[in-house]
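Shown next, in C-alpha cells, is the structure this report addresses.
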Amino acid sequence: MTYLTPGDPKRRLRKIQISVVAIAVLFGARLIDLQIIEADAINAKSYSNRAVSRVLPSLRGDITDGANKVLAHTVFKYDVNAAPDIVAPFDRTVNGQKVLISVEQAATELAALFGQTQPEVLAKLIGTGKYSQVAKAVDASVYRQIKKLDIPWLFYDPRPARIYPNGAVAGGILGFLDPDGLPLEGIEVAQNACLAGKDGEETFEKGVDGIKIPSSAITTKAAVPGKKIKLTINADLQYFAQQILTANVAKLRADWGTAVVIEVKTGKILVAADAPSYDPNEPSKSSVENRGSRVFRTSFEPGSTMKMVTAATAIDAGKVTPESHFIAPFGMTIPHSNGYRVTDSHVHGNEKLTVAGVLRDSSNTGAMQIGNLVPWQTRYTYMQRFGVGSMPGSGFPGESAGLLNTKTTWGNDVVKRYVSTFGQGVSVTPLQSAMMYQAVANKGVRLQPQLIEGCIDSSGNLTKVTKDKAPVRVVTEASAKSTLDILEKVVEEGGIGKHAAVPGYRVGGKTGTAQIIDPNTGRYGNLHAISFIGLAPVDDPQFVVAVTAYKSRTVSNSLGATPIFKAIMSQVLRTYRVPPSTTKSANIKTEWK
Amino acid sequence: MSTVRLTQAPRSARQLPDRASLRSINLSGLTSSPSSRVVVATITLGAVAIAIFQLLLHIATSSSVYELSHLQTEKRELTTTTQILGQQVDSLASQQNLANAAEKLGMISNANPVFLRLEDQKVFGKPKAALTADGRVSRNLVPNSAMIRTSVIADPTSTLAADATNTVATGTPQAAGFVAVKANVANTPSAVSSVVSTSGGIPASPTH
C-alpha cells in the first residue's frame, strides 16, 4: 500500500470554497440579470409569443319603423381566405370512407358557391403566398356551405355587414354604409352617434393548439353594441305608397315623384316615398341623385297648392270670407311691372267666383286679387308662419328650407309679390308643402314634422334626438276651419279635384300644376310639376297626403296626381280604421251672380 | 494495489488514546413524541392533499377550458344558424315577397275601397271587382336585393287541392305552399297592435 504525500487540506478547501463562491456569484449575477435587469424584456417577448389580441367588432343598432319592424340591421358576413403555400389535396370523409379531394375539385365546388368560374377560384389558390382572398363578404348561408366542404386550407374572417331586409322600402330615408361600414347617407349618417357601437378588444394567451391557456391573463374590453333608432314611418304604408308612386310615375313618364303622409295631430311622417325607389342594399345600382330623399331635399315652385296659403291668409287677416266675391278674368297684367301678364291655365271669360270658387277652379287671376287685399308685408309674415323658407326640423340630413326671398327683394319686385299668391317666386320641398296643409288641418297650428321617434338603448329607454321646435300658430282655429271648407269644395266640385274623392269620407285638397323654369332659357318650359295635397276626414282631419310628379309628360295637369292621392289616402284611412264621415260639407257658394 | 494518503505520520501504539470510557446517556429527549409525529404526519398529508387537490383542480380547469372553447364554437355555430334563419324569415316577411306571393295566388289589390258603417249598415263607395279597378298595382315594383328566399307558391288550384288533401290527412288545413307564407304573417309585427271594436262602430285603431 502506497500513501500519497499529504498536502494542505485547509488551502485546498479554501480554493474549492472560492471556486464555489465565484461560480455562485456568476450564477447569481446572471440570475439577477435575467430576473431583474432583463426580466421585463424577456417577459414581454415571451408574452408576445403566446398572447393573441383581437378586436371584438360591435354591432350597429337597428333602424325600425314606428311599429318596430326592422328596416336595417347588422349581420355577419365572411371573408373567405386561403394560404396558397399550404394549398394541397386533402382527405374528406364521405360515407365513412376517406376520399382524396384534389385542389381542382375543391376549386370547382367553391366556384359553384361563389358564383365564380373554376379557373377564377383556382387562380386565387395557387401560389406560394401566405394570403389570398378567395371571396369577400359571403352570406352566412354560403359560409356554412363552404365549411361543410371541410377544406383545411381555408380561413374565415367575420365582418359586420348592414342588411336592409325590405330593400327599397324607405330606402331613401335609411341611407347606406360604405364597404368599410362608414355611413354615407340618410338616417345612417344623421343618427350615427346613436347607431354606432364601440368595438371591444380581447387579449389572451394560447397554447400551440390555439386554446386559451388556463388562468392566463385575459384583458377584455367588451364591445358595446349600438342603440336602436325608431322612425315614425309605417313600413307597410310606405311600401304601398312606393308601389303606387312608382307605377304612376312610369305611367306619367315623369322624372320623379314623391308622396308624403303626415299624421295631422302629431306631425309624424308616416310615409316619405320617392320614385324611383332606391335599394340601400345595392347603392351603386342607383344614380347619386336618387340615393337620398327628394321629399326632404328638393325644393321647387309649388304652383297652385300655394293658393290655399293665400286664401287662409286673407281670411285670417279679415279681408275675405270663403264666399267673398271676385271677378276672375282669363288674364291680368301686374301693375307697375312693365306689362308682366298672368293668365289662367285655360281660356275663359270673366268668371264670377267666390274665394272657394277661385280655389276650386285654381284661378291665378282670382288668387292674385285675393292676395292683393292683404299688405304684402303681412302676407310675407304669414308665409313665414306657414314654414316657407325655414328648416322643417324633421331630422333628415340635408333637408332644404326652400326659398323665400328677403323682404327687401319683395319690396323691390312687384312681380314676385304678385306671383307668390299662386305659388311662383317661392320654392318649398314636398315636406314643407305637406306641413302647410297640416297647419290648417290641425286647427291652425303647424307642428314640427317628426321622422325619428328617438334613440332606444338596450333597456328600452327612448331619448329624443331631434331638437324640438315649438308649434307655430299660423291662423286662428276659425280661419283654419273656413280654409278646410274651401278645400273640401275643391274636391266636391272641382273638375280635377273630384278625382281625389274617397267614398265615404269628407276630403279636402288642392291641385297644383307648377311651371318649371328651363335652366337653358331661364324661362318657364313646357313641363310641369303636378301635385295634389289633401286631407281627410275634413270633419276631424287625421291625415295629410301630398303627392308630386315632376315633369310629367303624359298628363300635364294634376289629373295625373289625383289617382295617386286617392289610392294612398284610401289605404291610410283603411290602415288606421278611420270611421267614415257622418257630417256633410259646409254650404258654401263657389260662384255668384 | 491501493494507495492511501496519510495526513499524519502513524502514531506509535503508545500514542494511541486510552480506551474510551463508555457512559450511558438518556435518549428520551432525542426521540419524537407521539404528538409531534401527528403534527408531522398532518403537515405531510396536508401538503400531499393540497398538491393532489391542486392537480385535480388544474385538470378540471383545463378540461373546462376545452369545454368552454367547444361551447363557444357551438354558440358561434348557433348564432350563425340564427342569423341564416333570421335572414330567411326577413326575406319571407318582406313586403316584396308577400306581394309576389299574393299575386301568384291570384290576389289583386283593389283600388276601389268600399266602407261599411256598422251602426247604420251604410255602404260607402261602389263595390267593384278588383280586376276592373283602375290604378291597381299588384306586381311588385319596389326592389329588394336582400330577398334571399321567396315563398314557394304552387299553382293556386293545385295548392288548394294540396291544402284539401293535407286537411284530410292531418286534420289541419296546411299545404306546403302555404306554410311559409302563413309563418311570415305570423312573424311579422303588425303595424297596428290591436283593433278595438266598439259597439255600434266599426273596428278602430287604438290610436284613433
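The values are calculated or read from the model by the stated rules, or taken from the named source; none is laboratory data. Everything quoted here is computed from the prediction, not taken from an experiment. Cβ atoms come from the backbone with ideal geometry, glycine included; neighbour counts cover every protein chain shown. For accessibility, only protein heavy atoms count, side chains too; no ligands or nucleic acids. Shrake-Rupley method; radii C 1.70, N 1.55, O 1.52, S 1.80 Å.
Observations on the model:
- If you go through segment A:259-274 and keep only what is farther than 17 Å from A:GLU453 by Cβ and either at pLDDT below 95 or open to solvent by 10 Å² or more (accessible area, probe 1.4 Å) (or both), you end up with just A:ASP274.
- Test: A:ILE456 is closer than 21 Å to A:LYS230 by Cβ, in contact with a helix residue (DSSP H, G or I) (Cβ under 8 Å, 6 or more places away or on another chain) and open to solvent by less than 30 Å² (accessible area, probe 1.4 Å): no
- Qualifying residues in segment B:80-119 (those that are at the interface with chain A (Cβ under 10 Å from one of its Cβ atoms) and of a type in the set (Asp, Glu)) - the one farthest from B:SER145 (Cα to Cα): B:GLU119
- Counted residues, segment A:555-584 - those being more than 11 Å from every other protein chain (Cβ to nearest Cβ) and more than 25 Å from the chain's Cα centre (by Cα): 8
- The set of residues in segment A:53-76 being open to solvent by less than 40 Å² (accessible area, probe 1.4 Å) and within 14 Å of chain B (Cβ to nearest Cβ) consists of A:ILE63, A:THR64, A:ASP65, A:GLY66, A:ALA67, A:LYS69, A:LEU71, A:ALA72, A:HIS73, A:THR74, A:VAL75.
- In segment A:497-528, residue surrounded by the fewest Cβ atoms within 10 Å (Cβ to Cβ) [restricted to those that are among the hydroxyl-bearing types (Ser, Thr, Tyr) and either out of contact with any strand residue (DSSP E or B) (no Cβ under 7 Å at 6 or more places or on another chain) or within 14 Å of chain B (Cβ to nearest Cβ) (or both)]: A:THR521
- Meets criteria (closer than 24 Å to A:VAL355 by Cα, more than 14 Å from chain B (Cβ to nearest Cβ) and not in a strand (DSSP E or B)) for A:VAL538: yes
- Pairs are defined by a Cβ separation below 9 Å, a sequence spacing of at least 6 or placement on different chains, a first member in segment A:123-151 that is within 19 Å of B:ARG76 (Cβ to Cβ) and within 14 Å of chain B (Cβ to nearest Cβ), and a second member that is open to solvent by 60 Å² or more (accessible area, probe 1.4 Å) and assigned to a loop (DSSP other than H, G, I, E, B); the pairs so defined are A:ALA137/A:PRO179; A:ASP139/B:ILE148; A:SER141/B:ILE148.
- Any hit, segment A:212-224, residues being open to solvent by less than 20 Å² (accessible area, probe 1.4 Å), within 14 Å of chain B (Cβ to nearest Cβ) and modelled with pLDDT of 85 or more: no
- So B:LYS122, is it open to solvent by 80 Å² or more (accessible area, probe 1.4 Å) and facing chain A (nearest Cβ under 10 Å): yes
- Long-range neighbours under 8 Å by Cβ, at least six apart or interchain, first residue more than 7 Å from chain B (Cβ to nearest Cβ) within segment A:236-253, second of a type in the set (D, E, K, R) and open to solvent by 10 Å² or more (accessible area, probe 1.4 Å): A:LEU245/A:ASP274; A:LEU252/A:ARG553; A:ARG253/A:ARG553
- Of the helices (runs of 4 or more DSSP H) entirely within segment A:338-435, those holding at least 1 residues that are open to solvent by 50 Å² or more (accessible area, probe 1.4 Å) occupy A:364-372, A:376-385, A:407-412, A:414-419.
- Residue satisfying all of: in segment A:541-554; open to solvent by 20 Å² or more (accessible area, probe 1.4 Å) and touching a strand residue (DSSP E or B) at 6+ places or on another chain (Cβ under 6 Å); farthest from the other protein chains (Cβ to nearest Cβ) among these: A:LYS551
- Residue match in segment B:151-163 (condition: open to solvent by less than 80 Å² (accessible area, probe 1.4 Å), modelled with pLDDT of 85 or more, more than 9 Å from every other protein chain (Cβ to nearest Cβ) and assigned to a loop (DSSP other than H, G, I, E, B)): yes
- Residue within segment B:33-54 that is modelled with pLDDT under 80 and open to solvent by 80 Å² or more (accessible area, probe 1.4 Å) present: yes
- Hey, A:SER277 among the small types (Gly, Ala, Ser) and more than 10 Å from chain B (Cβ to nearest Cβ) or not: no
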